[in-house]
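Below is one structure, written out as structure tokens; the observations come after it.
The values are calculated or read from the model by the stated rules, or taken from the named source; none is laboratory data. From a predicted model like this one, the values you see are computed outputs, not experimental measurements. Note that each Cβ is placed from the backbone with ideal geometry, even for glycine, and that neighbours are counted across all protein chains shown. Note: areas computed on protein heavy atoms with side chains; ligands, DNA, RNA excluded. Shrake-Rupley method; radii C 1.70, N 1.55, O 1.52, S 1.80 Å.
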Amino acid sequence: MEKAGVFIATDGTTYVDKKRHFWWLSLLIPTIAVAGPLLYQTYQQEIFLWLFFAVVYMLFPLIDYVMGEDTSNPPESVIPALESDPFYARITRLNVFVVLATFIYCAWFVANYSLSYSGYLAVALLAGSIGGHGLNIGHELGHKRKNIDKWLAKIVLAPAAYGHFLIEHNRGHHKHVATPEDPASAQMGESIYRFALRELPGAIMRAHQIEKLRLNKAGKSSLSLHNEFWQAMLLTFSLFIGLVIWLGVSVIPYLLICAFWSMWQLTSANYIEHYGLLRRTLPNGRYEPPQPHHSWNSNHIFSNWALFHLQRHSDHHANATRSYQSLRHFDDLPTLPSGYFGMYGLAYIPWLWFKVMDIRLLATTGGDASKINMLASKRQHLIEKYKMVIQHPTD
């Protein structure tokens with residue numbers, strides 16, 4: 001690497017990362033969240049506390065639409081150089097402290113200002129949205145090999161009370177993705193609300209069982225601090241108790257609402273990422289390895305900058321340790337009509353989600369019911385409604 005953003009491979013290929021400094025836009029989300037309380041402190045108007053949601057759910061999708069998509073990829077030969085540049089890791093690590101600072105500031109804010117129920121709720125929800133941003137940071141760091149990144153991932157997940165995500169996602173979801181056995185893969189005909197009732201408790205139970213099995217095989221007690229599930233719970237408990245001691249019991253509803261809304265952000269992403277997609281069952285009874293077409297993708301520029309290429313989800317599942325700056329676009333994949341910020345709002349209106357996404361799902365699977373992960377209770381209805389075919393592969 002000769003200078004910042006310019007990478008030269010051993011074969012002489014030169015690549016300029018034009019996105020390099022746009023990754024700083026990941027800090028825009030917590031910045032906008034803090035802006036609301038800061039404006040309230042100046043003008044004493046609670047409407048500012050709801051500003052964040054108007055920006056995220058209305059302005060961000062509009063920016064995505066105007067900016068369009070970017071399907072460019074870094075040449076494969078420069079990936080080692082791109083991966084080894086510490087600049088990209090510094091941004092994700094910095095986000096850990098920004099998320100924690102935002103969470104603590106908002107807790108202090110609700111404890112020190114006389115807010116209406118609506119104002120209190122707004123601050124708890126916007127802090128929960130930043131907790132969801134933290135879950136995305138934890139997702140990126142949790143796939144890294146360095147211990148510092150793994151511990152930073154555990155720390156940034158603590159405000160969301162979702163530290164078990166590292167266990168469930170890495171050793172559960174990545175193994176069972178796009179199958180009926182995966183609580184984090186949404187099924188066709190399943191609303192996000194029904195999905196949440198399956199996914200949220202399912203993730204906790206699977207994480208607990210995975211870690212218990214790991215420790216049993218190692219001859220260690222699952223009730224010890226070797227258990228990463230209990231490590232995560234202890235981090236959250238310590239953080240929450242510390243804030244209650246410092247700020248008083250008035251922050252308890254804030255902590256609970258914030259944790260729930262953080263989880264809801266992850267649930268929203270999980271719902272979108274694999275809706276209805278299904279891995280083929282092989283003759284030996286096992287599922288085929290995850291393929292790029294088992295994830296929904298979006299190349300919308302702005303939301304990918306803000307979310308560290310989370311929307312290039314296919315390459316992530318194919319190469320889980322590959323850093324965000326190296327994730328690639330693939331042609332002819334299941335494609336979302338908008339970035340995640342726009343898709344969240346769509347998912348929250350089930351009839352509209354089904355109208356938009358079921359047609360796309362049928363198109364990407366050729367209308368073959370045997371290639372679709374369908375909600376069992378609606379399977380026959382959906383087959384008849386969309387006049388699906390059912391093929392039985394012989395290979």
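With all protein chains in place and a 1.4 Å probe, the accessible surface of the range 243-380 carries 62 percent carbon and sulfur. Please give the solvent-accessible surface of Glu76 in Å², to the nearest 10, using a probe radius of 1.4 Å with every protein chain present. Looks like 90 Å² after rounding.
Annotation note: trypsin sites (Lys or Arg not before Pro) in the range 89-185 located in DSSP loop regions with a Cβ neighbour count of at most 15 within 10 Å are Arg145, Lys146. If you sort the three axes of the alpha carbon gyration tensor as a ≥ b ≥ c, you get a/c of 1.5 or more for the range 125-238 and a/b no higher than b/c, which makes it oblate. Think of a 1.4 Å ball rolled over the protein heavy atoms: the chain then has 45 Å² of accessible area per residue.
Counted over the chain, the DSSP beta bridges are approximately 70% antiparallel.
Placing a label point 7 Å from the Cα of Leu38 along the Cα-to-Cβ direction, none of the residues of the range 139-162 has a backbone N under 17 Å of that point.
Of the trypsin sites (Lys or Arg not before Pro) found in the range 197-270, the ones in coil according to DSSP and having at most 15 other Cβ atoms within 10 Å of their Cβ are Lys220.
Where the accessible area of the range 1-120 is counted over protein heavy atoms with a 1.4 Å probe, how much of it, in %, is carbon and sulfur? Whole-percent figure for carbon plus sulfur exposure: 65.
Among Leu225, Leu361, Leu382, the residue with the largest mean-square fluctuation in a Gaussian network model of the chain, with springs joining Cα atoms closer than 10 Å, is Leu225. Looking at the range 235-319, the trypsin sites (Lys or Arg not before Pro) that sit in a DSSP loop and have at most 11 other Cβ atoms within 10 Å of their own Cβ are Arg286.
A helix-only calculation puts the chain at -17500 deg cm²/dmol for mean residue ellipticity at 222 nm, using -39500 (n - 2.57) for each DSSP H run of at least four residues, averaged over all residues.
What the phi angles of the range 318-335 give under the Karplus curve with 6.51, -1.76 and 1.60, with θ = phi - 60°, is a coupling list of 6, 9, 5, 8, 5, 6, 4, 5, 9, 5, 10, 8, 10, 6, 6, 10, x, 10 Hz, glycine and proline written as x.
For Met188, the residues 5 or more places off, or on other chains, whose built amide H falls under 5 Å of its own are Gly276, Asn373, Met374, Leu375. Rounded if a/c is under 1.5, else prolate if a/b is larger than b/c, else oblate: which is the range 268-309, with a ≥ b ≥ c the root eigenvalues of its Cα gyration tensor? Since a/c reaches 1.5 and a/b is larger than b/c, the shape of the range 268-309 is classed as prolate.
Distance from the C-alpha centroid of the range 161-216 to that of the range 77-98: 28 Å, rounded to the whole angstrom. With a ≥ b ≥ c taken as the square roots of the eigenvalues of the C-alpha gyration tensor of the range 1-99, please select rounded if a/c is under 1.5 and otherwise prolate if a/b is larger than b/c or oblate if it is not? In terms of gyration-tensor shape, prolate.
Take the chain, connect every pair of alpha-carbon atoms lying under 10 Å apart with a spring to form a Gaussian network, then pick out the residue of Asp368, Asp11, Asp85 with the largest mean-square fluctuation. Result for the chain, Cα springs under 10 Å: Asp11 fluctuates most. Taking every full run of DSSP H in the chain, the ones that stretch at least 20 Å from end to end by Cα along their long axis and average 0.0 or higher on the Kyte-Doolittle scale are 28-43, 86-112, 117-142, 228-247, 252-273, 350-365. Springs between alpha-carbon atoms under 10 Å, Gaussian network over the chain: tell me which of Ile137, Ile372, Ile359 tops the mean-square fluctuations. In the Gaussian network model the winner is Ile359.
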